[in-house]
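Enquirer: Take this structure first; my questions come after.
The values are calculated or read from the model by the stated rules, or taken from the named source; none is laboratory data. Just so it is clear, the model here is predicted, and its values are computed rather than measured. Methodologically, a virtual Cβ is constructed for each residue, glycine included, from the backbone with ideal geometry; neighbour enumeration extends over all protein chains shown.
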Amino acid sequence: MAPGLNGEVSPAGGAWERADSATRRPRAPGVRGQGAPRGGERMGLPADLFAPEHYAATRRPIREASTLPPYCYWAPEFYAREEERIFLREWLCVGRAEQVPEAGDFFSAEVCGRPLIVVREKGGGIRAHLNSCRHRGTAIAEGDGHCTAFHCPYHNWTYALSGELLGTPEMEEARGFDKGQYGLLPVRLETWGGFLFVNFDPGSPPLLELLGELPALMKNYKVEAMVCTRRQTYEVRCNWKVYVENAMEEYHTPTVHKSVYTDRVPLESWVVEETRGLYEILYTETQGSLALLGDEGFPPIPGLSPKELVGSYIPYVYPSLVFLISPDTMFYVIVEPKGPEHSTISMGNCFPASTAARPDFEAMAKRYYNRTSTTLPQDNNACEWQQRGIRAPGAQPGRYSVREQLVHHIANYVLDRVLGPASIDSSGGSVGRWGWRKLPAAAGRPGG
Ligand code: FES
Ligand SMILES: [Fe+2]
């Protein structure tokens, strides 16, 4: 009988709910989750959800560690804490600067339930505004497009690209109404490498401070000058961690990607690189471009180092941007959590502008598009399979392979943020505090 279904206590040592194996419903008196609308799905959710002892096994060094408790991947309470302590505090990638090349170009987005407008101003800068009219709150822009000013579709209040309130019909008699106080509400937006990041926390350190050494490591690729030539969006029924954990381990490639897997990139070739900043990096040497399925591709970007010319990096910027960069191209994936078990995945294929200007570009680029259109859906399916199983009543934490070092890092990053970095004694080998300390000193701030 599976542990946990017959009233055993979880190996994590916490106050787990006991369960009746016949009905798979909680039977201990007073536990949370009784009467939950979807059968036994809340089984395994401890009453003291954020007590550090439930996560002690994940804090151990990887060879001894257990994976996160399964409820971390579906429980609304855990997800709400992640929203509050991760997604409302960190820099979140929302797209690329080339989506708004001209002044007046804009796109709308929804991040953490907050509707945003991202717009290129007349001076050339890019801003983010809350997509909410200061009159009675209507969203003033939809989709993407170009405009010289934003007109609210309800009563036609008008805003400059900068967010300044310009026009307010029939408001002359409103006493003490100062238009200067009613511009669109600004949202922090900073850029690196052509990526646009927003942050809802006024106290967050600047983006570049948190990125640490990543910009220097990537400088030869000139990511900021690349152009995105194709974008795709996928709705995936999985928790955001399921998606990024999958993206940052190659252990699954011989099985999930068996239709295209070859030994030109053996598992042993993948290396987890040391990092200094709020990011992770995988590197591998490859024969041919990792962004292709063995086809011949574009020539390498000029100015790459010998290591860059023979390999590829997969950087992950916590919490939601992953990109693969090879000598000829880059593709990125933005993971937007839409709920505990739903993520929107936005991907883009990017190339140096000189490559995109080649006469044979469209024909050759299809090979790169074919690669991402083949492997990303395979990953999406794998994530949905995992989500279906991890939410099974009675599911228990598993163990890590040493090939899942970054899955373990991601779990500990989440615990650092959700519980606080000093939430557990690290004398037993916790990586939580180590993970925090490897950040630049100025990046340290209480996560609890
Ligand atoms: S809600 Fe926008 S003008 Fe009234
Ligand atoms: Fe994959």
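Enquirer: Does TYR413 satisfy being within 22 Å of ILE314 (Cβ to Cβ) and either in contact with a strand residue (DSSP E or B) (Cβ under 7 Å, 6 or more places away or on another chain) or outside any helix (DSSP H, G or I) (or both)?
Expert: no
Enquirer: Hey, could you check the stretch 276-333 for residues that are more than 20 Å from PHE351 (Cβ to Cβ) and small (Gly, Ala, Ser) and say which is surrounded by the fewest Cβ atoms within 10 Å (Cβ to Cβ)?
Expert: Checking each candidate, the answer is GLY277.
The rows are residues; the columns are (1) over 27 Å from CYS93 (Cα atoms); (2) in the same structural domain as ILE334 (by TED's automatic domain parsing); (3) surrounded by fewer than 17 Cβ atoms within 10 Å (Cβ to Cβ); (4) under 27 Å from the mean Cα position of the chain (by Cα).
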{"site": "ALA109", "(1), (2), (3), (4)": "no, no, no, yes"}
{"site": "PRO115", "(1), (2), (3), (4)": "no, no, yes, yes"}
{"site": "VAL118", "(1), (2), (3), (4)": "no, no, no, yes"}
{"site": "PHE150", "(1), (2), (3), (4)": "no, no, no, no"}
{"site": "THR168", "(1), (2), (3), (4)": "yes, no, no, no"}
{"site": "GLN181", "(1), (2), (3), (4)": "yes, no, yes, no"}
{"site": "LEU189", "(1), (2), (3), (4)": "no, no, no, yes"}
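Results for (1) part of a loop (DSSP other than H, G, I, E, B); (2) modelled with pLDDT under 95, shown as yes or no for each residue.
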| site | (1), (2) |
| --- | --- |
| VAL333 | no, no |
| SER346 | no, no |
| PRO359 | yes, no |
| TYR369 | no, no |
| LEU376 | no, no |
| ASP379 | no, no |
| GLN386 | no, no |
| PRO393 | yes, yes |
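Every residue, every condition in (1) within 16 Å of ligand 1 (Cβ to nearest atom); (2) assigned to a loop (DSSP other than H, G, I, E, B); (3) on the phi < 0 side of the Ramachandran plot, yes or no:
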| position | (1), (2), (3) |
| --- | --- |
| ALA109 | no, no, yes |
| PRO115 | yes, no, yes |
| VAL118 | no, no, yes |
| GLY137 | yes, yes, no |
| ALA141 | yes, yes, yes |
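Enquirer: Within the bounds of the stretch 127-145, is there any residue that is hydroxyl-bearing (Ser, Thr, Tyr), surrounded by fewer than 18 Cβ atoms within 10 Å (Cβ to Cβ) and more than 16 Å from ligand 2 (Cβ to nearest atom)?
Expert: Yes: the stretch 127-145 contains one or more residues that are hydroxyl-bearing (Ser, Thr, Tyr), surrounded by fewer than 18 Cβ atoms within 10 Å (Cβ to Cβ) and more than 16 Å from ligand 2 (Cβ to nearest atom).
Enquirer: Please verify whether THR253 is within 23 Å of GLU384 (Cβ to Cβ), at pLDDT below 95 and buried (at least 17 other Cβ atoms within 10 Å of the Cβ), treating the condition exactly as stated.
Expert: Yes, satisfied.
Enquirer: Could you list, ordered by first residue, the pairs with Cβ atoms under 7 Å in which the first is in the stretch 358-380 and at negative phi and the second is of a type outside the set (Lys, Arg) and assigned to a helix (DSSP H, G or I), at least 6 apart or interchain?
Expert: Listed pairs, sorted by first residue: PHE361/THR355; GLN378/VAL256; ASP379/ASN246; ASP379/VAL256.
Enquirer: Ok, one more. Looking for whichever is within 25 Å of GLU98 (Cα to Cα) and of a type outside the set (D, E, K, R) here; the options are VAL265, VAL260, VAL187. Which one fits?
Expert: Selected residue: VAL187, the only one of VAL265, VAL260, VAL187 that is within 25 Å of GLU98 (Cα to Cα) and of a type outside the set (D, E, K, R).
Enquirer: Identify, please: which residue in the stretch 248-269 is within 12 Å of ligand 2 (Cβ to nearest atom) and touching an Asp or Glu at 6+ places or on another chain (Cβ under 7 Å) and is, among those, farthest from THR284 (Cα to Cα)?
Expert: Only one residue fits best here, namely VAL256.
Enquirer: Here are some conditions: (1) surrounded by fewer than 19 Cβ atoms within 10 Å (Cβ to Cβ); (2) within 19 Å of the chain's Cα centre (by Cα); (3) at pLDDT below 95; (4) not aromatic (Phe, Trp, Tyr). LEU210 meets all but one. Which one does it not meet?
Expert: (1)
Enquirer: Let me ask something else. Report every pair of residues separated by at least 6 positions or lying on different chains whose Cβ atoms are under 7 Å apart, first residue within the stretch 158-178 and free of Cβ contacts under 8 Å to residues at least 40 places away in the same chain and more than 16 Å from ligand 2 (Cβ to nearest atom), second among the polar types (S, T, N, Q) and in a strand (DSSP E or B).
Expert: If the second residue must be among the polar types (S, T, N, Q) and in a strand (DSSP E or B), the pairs left are LEU166/THR158; GLY167/THR158.
Enquirer: Scan the stretch 177-207 for residues that are part of a loop (DSSP other than H, G, I, E, B) and hydroxyl-bearing (Ser, Thr, Tyr) and jot them down.
Expert: TYR182, SER204
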